[in-house]
1. Run the quick spin-label model on B:ALA57 and A:ALA268: label points 7 Å from Cα toward the beta carbon, then report their separation in nm to one decimal.
2. Search the structure for amide H atoms under 5 Å from the amide H of A:LEU250, placed 1.01 Å from N in the peptide plane, and list their residues when 5 or more places away or on another chain.
3. Please identify the helices of chain B, taking whole runs of DSSP H, that span at least 24 Å along their own axis as judged from the Cα atoms and have a mean Kyte-Doolittle score of 0.5 or higher.
4. Starting from the range A:28-101, pick out the GluC sites (Glu not before Pro) whose DSSP state is loop and whose Cβ has at most 13 other Cβ atoms within 10 Å.
5. Count the DSSP beta bridges whose two residues both fall in the range A:190-321, then state the antiparallel fraction as a percent rounded to the nearest 5.
6. Mind checking which of B:ASN220, B:ASN175, B:ASN65 has the largest fluctuation in a GNM of chain B, springs on alpha carbons under 10 Å?
7. Antiparallel as a % of all DSSP beta bridges within the protein assembly as shown, to the nearest 5?
8. In debye to the nearest 20, how big a dipole does chain A give about its Cα centre with +1 on each Lys and Arg Cβ and -1 on each Asp and Glu Cβ?
Amino acid sequence: MPVLTLNDAIGAALAEEMRHDPRVLIFGEGVATKRQDLVREFGGRRVRNTPLAEGIIAGTAVGAAGNGLRPVIDLLFAPFLCYAMDELVNSAGKLRFLSGGQFSFPLVTLAMTGAGWGVGAQHNHNLEAWFVHSPGLKVVMPSTPADAKALLKSAIRDDNPVVFFLDIGLLYTPGDVPDGEHCIPLGQAAVRRAGDDVTLVSYGKTVHGCLEAAETLAGQGISAEVIDLRSLKPLDEATILASVTRTGRLVVVHEANRLCGVGAEIAAQAAEKCFASLRAPVTRLGGPDAPVAASYPLEQAFVPQAASIAATAASLCARQAA
Amino acid sequence: MTSAQPQIDPRDLLAQMHLIRAYEEAIVAGSTAGTVPGTCTSVGQEAAAVGVVNALAADDLILTNHRSAGHLLARGADPGRLLAEVMGRSDGYCGGRSGSLHISVRELGVVLTSTIVGAELALAPGVALAQTMRNQPGIVVCFFGDGAACEGSFHESLNLAALWNLPILYVCENNQWQAFVHRREAMSREHVSSWAQSYGIAASTVDGNDVSAVLAAATNAAAQVRASQRPYLLETWTYRTRGHFEPDDQAYVDPAERAAWLARDPIAMCRDRLVAAGNLSELAATDLATRSRDRIAEALAFAAASPYPAPEALTQHVYA
Ligand SMILES: Cc1ncc(C[n+]2csc(CCOP(=O)(O)OP(=O)(O)O)c2C)c(N)n1
Ligand SMILES: [Mg+2]
């Protein structure tokens, strides 16, 4: 199996989908500069640099999607999405509904976020929950190169607007990526490790923290199940709830601010739908209600780490024993 | 320039303006009586809408905004289905989900209507890009207000359209008002057309209350866009004679300014000209107005009889 970085997996998915469907095009600030291979294969009409203007990049993608194309836009860093909120939230997310279903908006917005490059809060802000809260949009955040490729292919084929987050910390980590046509449906979580005592639910780089924690926990005789959400909307409630019903314990882990993060929704679902199975309080680990600092140790301290995930899970298991 | 004008009977233009006026007056009366929700009416701006829309081809696409009745009716929308939409009924063009503020009618080429001021400007380049990449002949016409021209999206849109050679006819209806703020208080220049020129976009301003002048200017502008596959900006200089949104007492409006514009009512100007030229009898002129009112009365009855959407509509069409 070929080994690719997540960034290369994105490039491979783009090339395959552009080959597969002439309606697919990609544009953004420096997209044509950085993706010369795509320019060579598909030409400057389908791979475009744009002015530095996120609002019009997103607006143009929404307009083009509403009129028969399937654009992918690269808005670079997630905080820059703030300049594109009207186009994504009010236009892409709402105009299908408000028009009574006359239009659909098949477009993908790529944005990077997360700790890893020490770029500070105006380049690193895990604001994915904002878009989960916005009707009409789907939200994806992969944790491996293979998933990034297969999910991006599905996102491009989806008839809805998809906001696709790339975890900065994972961009250049290599991984096995199966060759050929391989799509993962949006809304399907992956059980990364099976376990019986506690469920760890996460997405993006903290999935790897959870896997490391599960290893530690195994050494303590605790069997942890690790679920990688992959897409935040649609959310694979069935996989989460089935696991929690079995283990009776749930820790939700993400890098994003804990307050009103995706973990809050998952915790609420567990409380509402598997209350009788719970053997310990549902617990969330996430970033603080603070902008992210550039300083490396502070940036790292923002992100839930394997040690704290393991300690939290162990304490939930100890509770039951007591 | 005039030779390019389509064969349009000026009496049809007058009839369309009457229909728009009657439609808006029915909404004003209904909102006063509490039977129809208030809207942003286009009273006083009928010529600006009718002149431009009649210059277009059937396969051209139109983006409009919150003040859309003129564009929609001139394009041939059924007033009954429009009123049903305004009243939140299931026979509305958007199944009652839009109300008056974001009505799209895809079958008429009126697409992606947004009520976020400036959003139509942000969406237009993409619609036009898709037209060119899909080899569609229709140009894209983007209606927006002087207020929208103050949004960043106006400037981003014009820059991109000029840069990417997009076939967009930008039509700024400069009606002197941006909700409750006069454009004098909000714009560094008097004319939006002067802003367009700085992006290398050909632009002109026309008397928006003279329907023949608007038709001629828009025909010329549309022909330029079609031939050059480049954007053009046409500013229609007009006046919002009613308030921003019904009801509105307009206490903030300078009565002298409003009176001066009321004296240049687009419907009266067109009718008087046709009568003076012997192209329309007084009787036929009165008949046009009456027939428009009758048609709107029927449309209102249709809309009022249309059922409200079923509760399931609440979550229909959110996702494709
Ligand atoms: C982004 C945004 N800001 C404010 C409003 C409220 N609003 C609706 S219409 C309007 C005035 C717009 O003025 P203009 O663009 O000149 O259009 P006009 O109403 O005069 O036709 C305002 C402020 C809005 N809908 N969207
Ligand atoms: Mg205005």
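1. Here the modelled spin labels are 5.2 nm apart.
2. Result for A:LEU250 returns A:THR199, A:THR283.
3. Once both thresholds are applied, what remains is B:211-228.
4. Values: sites: A:GLU29, A:GLU41, A:GLU54, A:GLU87; in loops: A:GLU29.
Those that pass, being in a loop and sparsely packed, number zero.
5. Details: 3 of 16 bridges.
Around 20 percent antiparallel, to the nearest 5.
6. With Cα springs under 10 Å in chain B, the top fluctuation among B:ASN220, B:ASN175, B:ASN65 is at B:ASN220.
7. Details: 11 of 67 bridges.
If we restrict to bridges inside the protein assembly as shown, about 15 percent are antiparallel.
8. Details: 27 positive and 32 negative charges, 83 e Å.
Charge dipole of chain A: 400 debye, to the nearest 20.
The values are calculated or read from the model by the stated rules, or taken from the named source; none is laboratory data. Remember, predicted model here, so these are calculated numbers, not experimental data. Glycine also receives a Cβ, built like all others from the backbone with ideal geometry; neighbour counts cover every protein chain displayed. Only protein heavy atoms, including side chains, enter the accessible area calculation; ligands, DNA and RNA are left aside. Shrake-Rupley method; radii C 1.70, N 1.55, O 1.52, S 1.80 Å.
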